[in-house]
1. Looking at region 167-187 only, could you name the residues that are acidic (Asp, Glu) and over 12 Å from Glu211 (Cα atoms)?
2. Can you find a residue in region 69-80 that is at pLDDT below 90, under 26 Å from the mean Cα position of the chain (by Cα) and part of a loop (DSSP other than H, G, I, E, B)?
3. Can you tell me which residue is modelled with the lowest pLDDT among those in region 441-488 that are surrounded by 14 or more Cβ atoms within 10 Å (Cβ to Cβ) and part of a loop (DSSP other than H, G, I, E, B)?
4. Could you check Glu86 against (1) closer than 30 Å to Glu147 by Cβ; (2) touching a residue at least 12 places away in the same chain (Cβ under 8 Å) and say which number it fails?
5. I need every pair where a residue in region 222-236 that is in a helix (DSSP H, G or I) has its Cβ under 6 Å from the Cβ of a residue that is among the acidic types (Asp, Glu), sequence separation at least 6 or different chains.
6. Among what's in region 65-85 and is more than 24 Å from Glu211 (Cα to Cα) and aliphatic (A, V, I, L, M), pick the residue that is surrounded by the fewest Cβ atoms within 10 Å (Cβ to Cβ).
7. Out of all the residues in region 116-130, is one or more over 25 Å from Asn183 (Cα atoms), hydroxyl-bearing (Ser, Thr, Tyr) and within 24 Å of the chain's Cα centre (by Cα)?
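The values are calculated or read from the model by the stated rules, or taken from the named source; none is laboratory data. Keep in mind that this is a model prediction, so the values were computed, not measured. Cβ coordinates were reconstructed from backbone atoms using ideal geometry, including for glycine residues, and neighbour counts include every protein chain displayed.
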Amino acid sequence: MPKTESYSFNLQKDSVRYYLEESKKQVYSDFKAAKKSLVKAEAIAKKSKDPNLIADVAHNYAASYYIVGTYDIALQKFMEALSLYEETDNKLGIAKCLIGQGLIQQGIGRNKEAIKLFQKANTIIKELNDTVLESKVYLNIGISQIELKEIDESYDNFHKSLKLAVQNKDSNMEHLSQNRLGNLHYLRNDLDSSVYYYKKVLDASQANQWEKSFANTGLSEVYIKKGDYKKAEEYGLKGFEAAKNTQAKWDIARAAEILSIAYKNDHNYELAFKYLAICKSYNDSLFNDAKLKEINLLQLKRKEAENEKLVAKNEAAQHKLKNTRLFSVSVILFMLYLLTIIYQYTKNNKVREKLYSELELKNQDIESQQMLITAQNHNLSELNQTKNKLFSILSHDLRSPIASIQQVLGLLREGEISSEELKVLAEHLITQVDSTSIMLNNILHWSMTQLDGAKINKENIDLEKVVKDSIAGLNLMAKAKEIKFIHTNSEKDTVVDADKGHVQIILNNLLSNAIKFTPIAGTIEIRYSEDGTFIHMHINDSGKGISQAKIEEILNFDKRVVSEKGTGFEEGTGLGLLLVKQFLSDNNGQLDIVHHQEGGTEFIASLPKAKYF
């Protein structure tokens, strides 16, 4: 049976425990209410200055953010709680934080690493004889094993979890285990057993919204496979509404995707498209959250690697110290032995000098090796930064054109395009593919120069022509929002001295940014001006404009800014304007931003005029 001292307390409205219990009840149906309870618990915990209470609040924050899919904050809070639990050697708290880290690893698909963390936590839990937490560990190991296609092993772990949940009268874990068994039987194509487990959850009066969402959505999936699309739609809608009530992004995306499939099979293409769009929206949101979470996890991995190196270095130092002590003892014994034979033995000093000389040479050799290793690590760090920069650019600049092409091909595959529309779209598609290919070549050309040492190959470039090519490449994206480009041809020479690949990336990012913040049926104006040194390219959108504070942030900081949503709720990574600033600087150019009172934002990219000889 589980220990009770960790859970037994008097629930009073002015206690940390009271508000923690309230947040646990609320989080599956009302995240905002749960967060308010946690804020109250945190205030009381801080006043008490009890590290275990403060750690309990941090752990509950982490669990709540994990449930709604905000993994980056969840990870931060789990690490904060773990540090406090380790200070007080709170083994139960340490085990719960290991489970939390395992859940986040599981959430980004690192299931082998997640299982290791769960098993490490289970070792502590078994020592504490806590069968409540043990039930949760078996459930989560089973979930990761499904992703690793270890079906039989996951089946055994789900039943272990269910058995302990029934034994502990833990209805929440009982429903979670039944939901996962329903999903497992669906994967095995045992549809009647799948329906049986899902309906046990729905028939339970204690089941919360999160559990009902999973069960209803699971039943929708089963009835799609059975060919009963009306029932699939009925259960899918229930699952979708329950997921929305819990504000859980992953569950909303899952329910929307299954509803889209049900409506498509029922030939209701309008609703199928509607829920597919919802699914894509939440998946995009999860992707960006996953990016942030991945950055935090990479930082965690780096710290873990540094800790492992420190441990290895300490072990080596201890081993060396042991050898040194043994050597010193041997020398002393040897000296005593010589003194007993002959007190005036003159070679004693020579032996000692020789030994010290050898040690000095060894120390110098070690210092030389350390300097070499430091230099190699510096070179590896620079290469790794270059690689990260390359991946960031590829993912940022290729996502938009490929998404546009994918939309057209998806409509073509579904038969939603008439032959007349196909003729028109074919021309646009060819232009899109050609422009994307040119852009890809430019990016790859730039990336090779980066890998060779960040070289810049300047040449005379007709800026106006490159702008036309970029507009052609982004034409489909602009048409999707009915945006019109107004490109005013310059009456003067627009040839600049710059790296062509850099200019292409600058233009793609500035024009994509303008499309993102221009409303439907808006306009984007491109014109040129010059002075004695620069050709100035003005890109003016018809959006609501950005604040002066945001302009200051973009112009004065050399780091990625937080990306805001566009007028069509488009997501961004925040890398675009950082790349624009970097490449303009590399080419001796500059960036200015002007907010117009009548509306819209004007980006002015300036590049040096071409040099003619």
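1. Asp170
2. yes
3. Filtering first and then ranking leaves Ile456.
4. (2)
5. That search, which allows pairs on different chains as well, returns Tyr229/Asp266.
6. Met79
7. No.
Every residue, every condition in (1) out of contact with any helix residue (DSSP H, G or I) (no Cβ under 6 Å at 6 or more places or on another chain); (2) surrounded by 15 or more Cβ atoms within 10 Å (Cβ to Cβ); (3) at negative phi, yes or no:
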position: Ala121; (1), (2), (3): no, yes, yes
position: Ile124; (1), (2), (3): no, yes, yes
position: Asp130; (1), (2), (3): yes, yes, yes
position: Val137; (1), (2), (3): no, yes, yes
position: Gly142; (1), (2), (3): no, yes, yes
position: Lys149; (1), (2), (3): yes, no, no
position: Phe158; (1), (2), (3): no, yes, yes
position: Gln167; (1), (2), (3): yes, no, yes
